[in-house]
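The values are calculated or read from the model by the stated rules, or taken from the named source; none is laboratory data. All of these numbers come straight from a predicted model, not from anything done at the bench. Cβ placement follows ideal geometry from the backbone for every residue including glycine, while neighbour counts extend to all protein chains displayed. Side chains included, ligands, DNA and RNA excluded: accessible areas come from the protein's heavy atoms. Shrake-Rupley method; radii C 1.70, N 1.55, O 1.52, S 1.80 Å.
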Amino acid sequence: MSLSCHNLGWSVRGTSIVSGVTLEVVTGETLGLVGANGSGKSTLLKMLAGIQKPHIGSVLLSGVCCSTLGQREIARSIAFVEQHAETTDRITVRDAVELGRTPWLDGIGRWSKFDTASVLRALCAVEMTSYVDRYWHTLSGGERQRVHIARSLAQDPKVLLLDEPTNHLDIHHQLSILSLVHTLEITSVVALHDLNHATQCDRIGVMHHGQLIALGRPHDILTPDLMHQTFGVHARFVTDPHDGSRFLRFHQSA
Amino acid sequence: MGRIDEGIIWEYRLSRAVVAACCGAGLALSGVVLQALLRNALADPYLLGISVGASTGAVAVTVAGIGAGAVSLAVGAFAGAVLAFVVVAVLARAAGGGTGVQAAGVIILAGIAGSQLFNALTAFLIAKSANAEQARGIMFWLLGNLSGVRWEDAVFAIPAALLGVIVCVWHIRALDAFTFGADSAASLGISVRRVQVLLIGITAVMTAAMVSMVGSIGFVGLVIPHAMRLVVGARHERLVPASALAGAVFLIASDILSRVLIPGQVLPIGVITALVGAPAFALILIRGRHSK
């Protein structure tokens, strides 16, 4: 399922937060969104997810305008993991992941074996099966993040939107979440801070002051000039002599 | 059993128990809904200014004589409750809007402001117009009073409570979806604005109906949902029926206690709910902490 947006804009009290964003993510593609703090990544993701209604422009899901779809229809296609979703309720990991089945269940519709299977698959994907009965407040930040991702997977989405999913995660789980996103055969858009993680995406979009200033393959896009302009740092690619892969090295602008 | 006893049970005791059960269930459910949707543990039906508004309406009718005898205390209380809720809702909308954490905070602050305003109005009316006898009667009503309840009230109370139960049961998954906030609920396919307006509206109507019949009975809407969360968990498929049932039982028991505690005298039921409820809740809190 493809996701696209056309001339998307959102502003608050006259200040433009996102403006004129047009992009298309094709089926199965992983798009990384990078940009400095406050560059509009989260707002863009929320609009793509159908949570925030755009002030200008439109979001299209396989060519169908999202504003003509109901919230539940959108949720059956798009899952979204926001940045800081917390609760003080005493719920277990299983309770949290089961919430992901909400769009598939009617008001008082029956829970089926199929729902249970989805929940288990999702827990398995983020390596949290042994935590099912743990209470939310006993989990660490990284464990909570993995439960959120499991909840979004339990939604059986065709498009996955993740807002900085590797925050709070240790290096093992950072890499396993990213490789999970890559191996999933669903369309995904991931906001990332770590540019080296972003280089593993199929394409990268760079946000700067609310606008999408570059969109393309990682090694074409992340030029020293662009990184100086958007992040205010000097950066260059270094080649790993071991396997020839390239990674970014940064240093502070003088 | 004599004919008189039979008459007392049918005409007075049973109607009173039924109304108490409906009020308990309605107030407890209102608490469940508001705590879930506003993501605030302190939310309860009185927070939205509803009960204070009802008191103002009741005092305006009985003491200040507004309506010139044409409207009853219950009608005045209902009108006051709805008016106060509208004031709070308009204030919250003007101050915030949106669906996020900030909006939930704004509605609570608006509720506090509205409550203060209507409290002041009530005190003003009492000070200006009431004689000592009236003031005592009003105090009794303000703390909750089931004495005057008859079957005519039950005809009003039963549909109000039933409506609340049906709407809440229909929305158990929507209430669950708010666990991680309004944005998360939206991403799970919930029409956040529609659910908020419908459920908070039902809460307002239900509380206004209950308060106009029996006065403001505190504590039930705040404490029963918390107590039930510790007993049956936070999932609404169990929390909604458990809270409705516990609220009903709690209020019937409190009413009986209010009549038998001091022989020959009836205490305001609000006094009993707080006297019994507060220590019971403290116990549950402490036990809940040790069990996990």
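Work out the mean other chain Cβ neighbour count within 10 Å for the residues of A:50-63 and drop it here as an integer.
Values: counts 3, 8, 4, 0, 0, 0, 0, 0, 0, 0, 0, 0, 0, 0.
Mean partner-chain Cβ count within 10 Å for A:50-63: 1.
Can you give the FRET efficiency for B:LEU163 and A:ARG249, using 1/(1 + (r/R0)^6), R0 = 45 Å, r = Cβ-Cβ distance, to the nearest 0.05?
Working: r = 65 Å, r/R0 = 1.45.
Plugging the Cβ-Cβ distance into 1/(1 + (r/R0)^6) gives 0.10.
Pick from A:SER62, A:SER188, A:SER112 the residue whose mean-square fluctuation is largest in a GNM of chain A, springs joining Cα atoms under 10 Å.
A:SER112
Nearest 100 Å², what total accessible surface is buried between chain A and chain B (probe 1.4 Å)? Could the numbers behind the result be given before it?
Details: alone 12680 and 14240 Å², together 24520 Å².
Approximately 2400 Å², summed over both chains.
What is the helix-to-structure angle for B:151-170, meaning the angle in degrees between its Cα long axis and the longest Cα principal axis of chain B, kept from 0 to 90 and rounded to the nearest 10?
Relative to chain B, helix B:151-170 is tipped by roughly 10 degrees.
So how far apart, in nm, are the two label points at B:ARG3 and B:GLN116 if each is 7 Å from Cα heading toward Cβ?
6.0
Given A:LYS41/A:LYS158; A:LYS46/A:LYS158; A:LYS46/A:LYS113, which pairs have Cα atoms separated by over 27 Å?
Numbers: A:LYS41/A:LYS158 21 Å; A:LYS46/A:LYS158 16 Å; A:LYS46/A:LYS113 31 Å.
Beyond 27 Å: A:LYS46/A:LYS113.
Under a Cβ-only charge scheme (Lys and Arg +1, Asp and Glu -1), can you give me the dipole magnitude of region B:3-291 about the Cα centre, in debye to the nearest 20? Before the final figure, lay out the partial values.
Details: 17 positive and 11 negative charges, 102 e Å.
The calculation lands at about 500 debye.
For chain B, just list the percent of Cα-Cα distances falling in each 10 Å bin from zero outward, please.
Taking all Cα pairs of chain B, the binned fractions are 7, 28, 34, 22, 7, 1, 0 percent.
Put a dot 7 Å past each Cα toward the Cβ at A:ASN196 and A:HIS168; how far apart are the dots in nm?
For the pair A:HIS168/A:ASN196, the computed spacing is 2.4 nm.
Taking each residue of A:83-89 in turn, how many C-beta atoms of other protein chains fall within 10 Å of its C-beta, and what is the average? Can you show the working numbers first?
Values: counts 1, 3, 6, 6, 7, 5, 13.
Going residue by residue through A:83-89 and averaging, the value is 6.
Please list, by residue number, everything in region B:184-210 whose backbone N is under 18 Å from a paramagnetic label point 7 Å out along Cα→Cβ of B:ARG93.
Of the residues in region B:184-210, B:192-205 have backbone N under 18 Å from the label point off B:ARG93.
Just round it to a whole percent: the fraction of Cα-Cα distances in chain A exceeding 22 Å.
On the way: 18153 of 32131 pairs.
That fraction is 56 percent.
In whole Hz and in residue order, list the ³J(HN,Hα) couplings for region B:235-248 that follow from phi through the Karplus curve 6.51 cos²θ - 1.76 cosθ + 1.60, θ = phi - 60°; x for Gly and Pro.
Computed from phi, the couplings for region B:235-248 are 6, 6, 5, 9, 5, 5, x, 5, 5, 4, 5, 5, x, 5 Hz.
Counting only other chains, and only Cβ atoms inside 10 Å, what mean value do you get across the residues of B:188-195?
Per residue, the number of nearby Cβ atoms from other chains is 5 on average.
So what J values fall out for region A:94-104 if you push phi through Karplus, 6.51 cos²θ - 1.76 cosθ + 1.60 with θ = phi - 60°, rounded to Hz, Gly and Pro as x?
With coefficients 6.51, -1.76 and 1.60, one gets 4, 4, 5, 6, 4, 4, x, 7, 3, x, 9 Hz.
Could you work out how much longer the chain between A:GLN229 and A:THR22 gets when fully extended? Use 0.36 nm per residue separation minus the Cα distance between them, nm to one decimal. Before the final figure, lay out each step's value.
Numbers: separation 207, 0.36 × 207 = 74.52 nm, distance 2.08 nm.
Full extension from A:GLN229 to A:THR22 adds 72.4 nm.
HN-Hα J couplings of region B:38-51 from phi, Karplus 6.51/-1.76/1.60, θ = phi - 60°, integer Hz, Gly and Pro as x?
Using θ = phi - 60°, the values come out as 8, 6, 9, 5, 8, 5, 8, x, 7, 4, 7, x, 5, 5 Hz.
With a probe of 1.4 Å, find how much accessible area region A:1-73 has per residue, and write the answer as a whole number in Å². Could you put the intermediate results ahead of the total?
Working: 3170 Å² over 73 residues.
Per residue, region A:1-73 has 43 Å² of solvent-accessible surface.
Once neighbouring chains are kept in place and the probe is 1.4 Å, which whole percent of the accessible area of region B:3-291 is contributed by carbon and sulfur? Don't jump to the answer; show the numbers that get you there.
Details: 8920 of 12640 Å².
Whole-percent figure for carbon plus sulfur exposure: 71.
Return, ordered by residue number, the residues of region B:1-44 whose backbone nitrogen is under 18 Å from a label point located 7 Å along Cα→Cβ of B:ARG150.
Residues B:4-20 fall inside that zone.
Could you tell me the ratio Rg/Rh of the protein assembly as shown? Both radii from Cα atoms, Rh via Kirkwood.
Values: Rg = 28.1 Å, Rh = 26.0 Å.
Rounded to two decimals, Rg over Rh is 1.08.
List for region A:90-125: residues with 30 Å² or greater reduction in accessible area, all protein chains versus chain alone, probe 1.4 Å?
A:ARG90, A:ILE91, A:ASP95, A:LEU99, A:THR102, A:GLY107, A:ILE108
Taking the Cα centre as origin and putting +1 on Lys and Arg beta-carbons and -1 on Asp and Glu beta-carbons, what dipole magnitude results for the protein assembly as shown, to the nearest 20 debye?
Values: 40 positive and 35 negative charges, 134 e Å.
For this selection, approximately 640 debye.
Can you figure out the FRET efficiency of A:LYS113 with A:GLU29, using R₀ = 41 Å and their beta-carbon distance, to the nearest 0.05?
On the way: r = 32 Å, r/R0 = 0.79.
Efficiency computed from Cβ-Cβ geometry: 0.80.
Please work out the FRET efficiency for the pair A:LYS53 and B:VAL86, using the Cβ-Cβ distance as r and a Förster radius of 22 Å; give the result to the nearest 0.05.
Values: r = 26 Å, r/R0 = 1.19.
In this case the efficiency is close to 0.25.
Cut-off 10 angstrom, C-alpha nodes, Gaussian network model of chain A. Which of A:GLY100, A:GLY35, A:GLY216 fluctuates the most?
A:GLY216
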